[in-house]
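Report on the following structure.
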């Protein structure tokens with residue numbers, strides 16, 4: 001049954017088949033960040049060819065991993081069992097080549113399963129990093145479970161929190177070595193996704209969902225495809241329908257403001273033929289899916305009900321979208337709405353068509369570079385925060401209420417289009433930008449944070465032409481300015497506040513259409529909340545909103561003059577900090593969230609009644 005496990009060691013058992021060595025290399029990259037935790041990696045190869053063997057052996061030699069080889073005739077569950085019995089850790093984490101997790105996620109799963117009495121721990125498995133593929137097994141009126149919260153935003157799983165679920169249902173699961181050995185390993189006749197669920201039920205162990213730990217998966221079809229369908233009947237025969245598992249499923253989804261109302265079988269695999277109409281002998285594999293409904297209608301008479309929101313962003317997915325201002329704005333707004341008691345998901349444009357949006361009460365579109373459509377059956381709000389030239393009367397007419405981050409543009413468009421547009425200015429995240437983050441005038445004499453956007457921006461041009469000692473952060477400047485002019489291409493959002501607070505002067509400018517139409521930039525509010533001296537291009541209404549914290553320059557010589565005379569043209573530090581406190585109180589995301597929630601509840605109640 002194996003040697004005595006090493007206390008505190010986590011053993012990751014990676015099962016790979018022939019042709020999956022690329023997945024092994026991707027796991028190598030994911031696990032590369034070292035730490036002090038004792039992590040053992042065991043690669044179990046099923047029928048590996050020569051090239052796969054070379055990759056596995058080289059990887060093992062370089063990193064001290066262990067390679068276990070089994071015949072191609074062995075099932076993935078049997079291979080995982082072989083790896084589990086070869087492991088030397090007190091915690092086991094099983095995974096496939098199609099999954100991907102960070103080192104900290106693997107360690108976290110092992111720790112979550114290492115509890116007295118034994119438990120299994122499962123992550124949220126996601127595709128495209130922000131759409132749930134499975135959060136474990138959910139049962140409803142059937143012995144065959146469906147993937148919990150499949151197709152939902154991660155926010156729904158996060159709302160559940162760490163909580164018991166009926167069983168695992170995925171290809172990544174953690175357990176103690178004791179639990180694994182006492183159960184005799186995984187059932188070799190079941191596909192791995194079913195074998196893990198089977199072991200949980202055989203061992204009598206609880207299964208803990210860990211939504212704070214997210215694993216990425218390449219393709220739903222490799223997880224819930226033919227092998228999944230083939231094992232469903234065998235699993236159901238071993239584990240007949242159990243009302244307690246159904247009750248636990250309901251308890252889990254209710255924590256996300258939902259309820260289970262049914263189950264449907266959804267086609268998963270494409271027909272074998274490419275024809276538009278499948279032939280009778282084409283086998284279409286289906287997978288069960290829980291049918292959920294929102295519980296919001298039960299709160300109609302509550303003073304401030306907890307509604308389900310989705311914030312729609314124009315940002316792309318992945319690392320590129322992480323750096324977009326729209327992404328930071330959406331995340332900060334979501335946190336403010338959550339502090340106001342709301343349930344909030346944030347969707348980038350790559351997942352905005354997910355079906356689970358039909359369970360929402362409110363869709364809030366942050367209008368950026370593209371034009372998302374309203375959603376039938378929910379309260380539709382649009383907040384125009386940039387690029388007003390892209391917005392048409394036809395677009396705004398489809399929303400229940402429209403806001404714009406400009407007082408003058410809102411008033412002018414209301415008159416021209418005959419559709420009310422409510423002024424709602426941009427704002428600042430007071431958890432990141434607030435008075436007292438740094439000693440005034442201890443940082444860069446003149447600061448600009450922003451990307452070039454392919455143009456020589458007016459604030460940067462004025463500073464460079466005027467010989468100002470400028471510290472520049474941003475992307476795309478090497479094609480415009482001498483290489484090395486920018487101090488860095490990117491500043492983490494949580495570091496910006498200290499930069500603004502310490503700078504002698506913070507420069508700002510706007511897109512031409514935003515300046516023309518009075519759309520005050522988000523940077524203005526962030527810098528003002530830190531008590532910075534702000535120097536911006538001329539824009540209507542800026543001094544009415546931010547007062548003496550801001551000055552406007554007309555050209556390069558004017559910019560240089562204001563920089564040189566900053567001590568006399570701006571208030572002293574103590575007064576600037578008082579003004580900053582006012583900005584935080586009046587122009588925070590929390591202040592904007594209160595407006596949005598009040599309006600959404602009013603419109604939602606009208607729909608409900």
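The values are calculated or read from the model by the stated rules, or taken from the named source; none is laboratory data. The shown structure was predicted, so the numbers you read here are calculated from the model rather than taken from an experiment. Don't worry about glycine lacking a Cβ; one is built from the backbone with ideal geometry, like all the others, and counts go over all protein chains shown.
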Search result, residues across segment 419-473 that are more than 34 Å from the chain's Cα centre (by Cα), part of a loop (DSSP other than H, G, I, E, B) and surrounded by 17 or more Cβ atoms within 10 Å (Cβ to Cβ): 440, 466, 468
Just one of 11, 77, 51, 104 is modelled with pLDDT of 90 or more and exposed (fewer than 14 other Cβ atoms within 10 Å of the Cβ); which is it? 104
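Out of 379, 365, which single residue is in contact (Cβ under 8 Å) with a residue 60 or more places away in the chain, surrounded by 20 or more Cβ atoms within 10 Å (Cβ to Cβ) and in contact with a strand residue (DSSP E or B) (Cβ under 6 Å, 6 or more places away or on another chain)? Break it down into steps so the answer makes sense when it comes.
Values: 365 fails: in contact (Cβ under 8 Å) with a residue 60 or more places away in the chain.
When all the criteria are applied, what remains is 379.
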Residues of segment 144-171 that turn out to be surrounded by 24 or more Cβ atoms within 10 Å (Cβ to Cβ), modelled with pLDDT of 95 or more and either over 20 Å from the mean Cα position of the chain (by Cα) or not assigned by TED's automatic domain parsing to the domain that holds residue 81 (or both), as a count: 5
Where in segment 508-595 are the helices (runs of 4 or more DSSP H), entirely inside, with at least 2 residues that are modelled with pLDDT of 95 or more and buried (at least 22 other Cβ atoms within 10 Å of the Cβ)? 522-529, 542-546, 556-564, 573-586
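Please tell me if residue 73 is farther than 22 Å from residue 217 by Cα and in contact (Cβ under 8 Å) with a residue 12 or more places away in the chain. Outline the logic, then answer.
Numbers: farther than 22 Å from residue 217 by Cα: yes; in contact (Cβ under 8 Å) with a residue 12 or more places away in the chain: yes.
Criteria met by residue 73.
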Of the conditions (1) more than 22 Å from residue 492 (Cβ to Cβ); (2) surrounded by fewer than 21 Cβ atoms within 10 Å (Cβ to Cβ), residue 410 fails just one. Which one is it? (2)
Taking only pairs six or more apart or across chains, which ones have beta-carbon atoms under 6 Å, a first residue in segment 428-443 that is on the phi > 0 side of the Ramachandran plot and not assigned by TED's automatic domain parsing to the domain that holds residue 521, and a second residue that is part of a loop (DSSP other than H, G, I, E, B) and buried (at least 16 other Cβ atoms within 10 Å of the Cβ)? 441/504
